[in-house]
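The values are calculated or read from the model by the stated rules, or taken from the named source; none is laboratory data. Model, not experiment: these values are computed from the prediction. With ideal geometry, Cβ positions are generated from the backbone for all residues, glycine too; neighbour counts draw on all protein chains shown.
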Amino acid sequence: MNDPKSIQLLSIETVPVGMKPLGLVRGSTARSRNIGRDITAVLKNVVGGEVKSYTQLMADAREEAIYRMQEDAARLDANMVVGVRFASSMITQGVSEMVAWGTAVGPSED
């Protein structure tokens, strides 16, 4: 099994020459906000500007989803994931989900 961190991630839609698709891989995480972040967000909403605590929360969620996708790809002995996409959604009040997915690819045996 490859080291998950060594798996290259690409947004291209095509499988590179000399490679073959191995299957769909994905990773996800659900994160909740906390009361401290919510109070800060309410204050930021009044004065405007970036809500850095939420930005960091989503960045952390994105990185976790990416790593879980890389772990999924490593189980298939992939070298890279192409067509990488992300989506986020609110599951319930205060809980957001981040999902990453793509196509795992490895060397063609030809």
All positions within the range 37-73 that are exposed (fewer than 13 other Cβ atoms within 10 Å of the Cβ) and modelled with pLDDT of 90 or more: ALA59
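Say we look at the range 86-110 and pick out the residues that are hydroxyl-bearing (Ser, Thr, Tyr) and free of Cβ contacts under 8 Å to residues at least 24 places away in the same chain; which of these is farthest from ARG33 (Cα to Cα)?
Let us first name the residues in the range 86-110 that are hydroxyl-bearing (Ser, Thr, Tyr), namely 88-89, 92, 96, 103, 108.
Those left that are additionally free of Cβ contacts under 8 Å to residues at least 24 places away in the same chain: 89, 92.
Values: SER89: 14, THR92: 11 Å.
Ranking the qualifying residues of the range 86-110, first place goes to SER89.
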